[in-house]
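Report on one structure; see the data block that follows.
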There are 2 protein chains.
Amino acid sequence: MKIYLAGPDVFLPDAIEIGRRKAAVCARHGVHGLYPLDNAIDLAAADASLAIFKGNEAMMDAADAIIANLTPFRGPSADAGTVYELGYMAGRGKRCFAYSNDPAVYAERVARSFAVTKAGGGHLIDDDGLTVEDFGLPDNLMMIHTLDLRGARLVTPRQRPADIWHDLTSFEACVVLAADRATGKSD
Amino acid sequence: MKIYLAGPDVFLPDAIEIGRRKAAVCARHGVHGLYPLDNAIDLAAADASLAIFKGNEAMMDAADAIIANLTPFRGPSADAGTVYELGYMAGRGKRCFAYSNDPAVYAERVARSFAVTKAGGGHLIDDDGLTVEDFGLPDNLMMIHTLDLRGARLVTPRQRPADIWHDLTSFEACVVLAADRATGKSD
């Protein structure tokens with residue numbers, strides 16, 4: 001079973017090393033992790049961003065499943081590139097798994113950076129008057145429910161780990177879930 | 001041609017009204033806009049979020065194309081639910097169009113809320129030391145290039161309009177692009 005390893009991990013200072021650690025966790029559980037930075041890209045080329053896109057898409061097409069790191073990234077929600085990839089894999093009918101190293105529900109996450117208040121109708125709104133999703137889920141419902149239906153419930157730690165970018169406990173739990181699905185099933 | 005109208009518009013105080021305006025623009029150009037809030041959902045039900053998910057997914061499956069509102073939402077990137085839906089539609093092989101009412105490039109958007117500096121290697125990093133994508137694109141490259149390959153380049157205004165949540169000029173430009181693709185083509 002090949003698993004595409006999506007996440008803002010590629011933006012870490014030790015992006016290559018974390019990819020190696022994730023691939024090693026996969027190997028330990030008998031599955032094969034595909035990490036975006038395994039694609040050889042010439043970052044100095046004029047079309048580098050398109051080459052990265054094509055490399056990532058080819059890797060996703062080759063994979064049976066995705067494990068997405070949905071830890072909040074520059075705001076209350078997950079990294080946009082990772083979310084796009086989760087949607088793409090769902091659309092392609094692949095198995096979808098994900099984790100977030102921040103277990104807080106979405107409304108709490110928004111309240112860290114914005115003034116969240118109750119509108120006249122009783123629902124939560126932000127500074128701009130836009131509704132704040134308040135279903136007790138950690139992020140936007142589209143991502144959360146696609147996991148429920150196409151893989152497994154979002155994995156979160158009981159408490160936010162000290163190093164949210166390097167703690168792989170919840171990632172490993174996803175690998176175990178994915179590997180379990182791969183064995184003893186015809187697909 | 002049926003077009004799924006994705007965007008954080010559903011979170012606006014006048015969410016239903018903006019959906020009607022978008023559908024009217026579509027009708028004027030001979031295409032049919034499908035707006036998430038057209039689904040009848042009982043928000044008081046225990047499984048309301050799952051019902052919304054299923055309604056949105058059924059609507060996307062029924063559509064030939066998506067027009068996504070990728071205007072930055074609670075941070076430098078687009079709304080996570082919208083980004084997921086763009087990925088899903090790309091994965092399903094549908095035509096993909098999008099606009100952003102904020103024409104700024106991603107690195108500029110990040111610099112509005114975070115301290116962006118140059119790392120030793122010369123690339124941009126944020127306060128946490130994570131790389132800031134710097135390809136001169138308005139948002140994450142996965143979203144931008146899927147549009148280039150599956151529909152049309154991201155539509156942005158020359159200048160940010162006064163009301164980024166209600167100005168439909170760039171939306172209408174997407175509708176025109178989508179309608180042009182629908183006519184005179186076998187698919």
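Okay, residues lined up against (1) open to solvent by 10 Å² or more (accessible area, probe 1.4 Å); (2) touching a Ser or Thr at 6+ places or on another chain (Cβ under 6 Å):
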{"site": "B:Ile18", "(1), (2)": "no, no"}
{"site": "B:Ala23", "(1), (2)": "yes, no"}
{"site": "B:Asp38", "(1), (2)": "yes, no"}
{"site": "B:Asp42", "(1), (2)": "yes, no"}
{"site": "B:Ser49", "(1), (2)": "yes, no"}
{"site": "B:Ile52", "(1), (2)": "yes, no"}
{"site": "B:Met59", "(1), (2)": "yes, no"}
{"site": "B:Ala68", "(1), (2)": "no, yes"}
{"site": "B:Arg74", "(1), (2)": "yes, no"}
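Is it the case that region A:23-33 has a residue that's within 24 Å of A:Ala179 (Cα to Cα) and within 11 Å of another protein chain (Cβ to nearest Cβ)?
No, region A:23-33 contains no residue that is within 24 Å of A:Ala179 (Cα to Cα) and within 11 Å of another protein chain (Cβ to nearest Cβ).
List, please: which pairs have Cβ atoms under 8 Å, are six or more places apart or on different chains, and start with a residue in region A:124-146 that is under 15 Å from B:Asn56 (Cα atoms) and end with one that is among the polar types (S, T, N, Q) and not in a loop (DSSP other than H, G, I, E, B)?
Short answer, once both residue conditions are applied: A:Leu141/B:Ser49; A:Met142/B:Asn56; A:Ile144/B:Ser49; A:His145/B:Ser49.
Where in region A:1-113 are there helices (runs of 4 or more DSSP H), lying wholly inside it, with at least 1 residues that are under 12 Å from the mean Cα position of the chain (by Cα)?
Result: A:80-91.
What are the residues in region A:58-75 that are without any contact (Cβ under 8 Å) to a residue 60 or more places away in the chain and more than 28 Å from A:Asp102 (Cβ to Cβ), if any?
Across region A:58-75, the qualifying residues are A:Ala58, A:Asp61.
Checking B:Leu154 against (1) touching a residue at least 40 places away in the same chain (Cβ under 8 Å); (2) loosely packed, with under 15 Cβ neighbours inside 10 Å, which single condition isn't satisfied?
(2)
Give the number of residues within region B:157-169 that are surrounded by 17 or more Cβ atoms within 10 Å (Cβ to Cβ) and in a helix (DSSP H, G or I).
0
Out of all the residues in region B:113-148, which are more than 8 Å from chain A (Cβ to nearest Cβ), open to solvent by 60 Å² or more (accessible area, probe 1.4 Å) and under 30 Å from B:Gly91 (Cα atoms)?
Within region B:113-148, just B:Asp134 meets the criteria.
The values are calculated or read from the model by the stated rules, or taken from the named source; none is laboratory data. These numbers come from a predicted model, not from an experiment. With ideal geometry, Cβ positions are generated from the backbone for all residues, glycine too; neighbour counts draw on all protein chains shown. Protein only, heavy atoms only, side chains kept; ligands, DNA and RNA dropped before computing areas. Shrake-Rupley method; radii C 1.70, N 1.55, O 1.52, S 1.80 Å.
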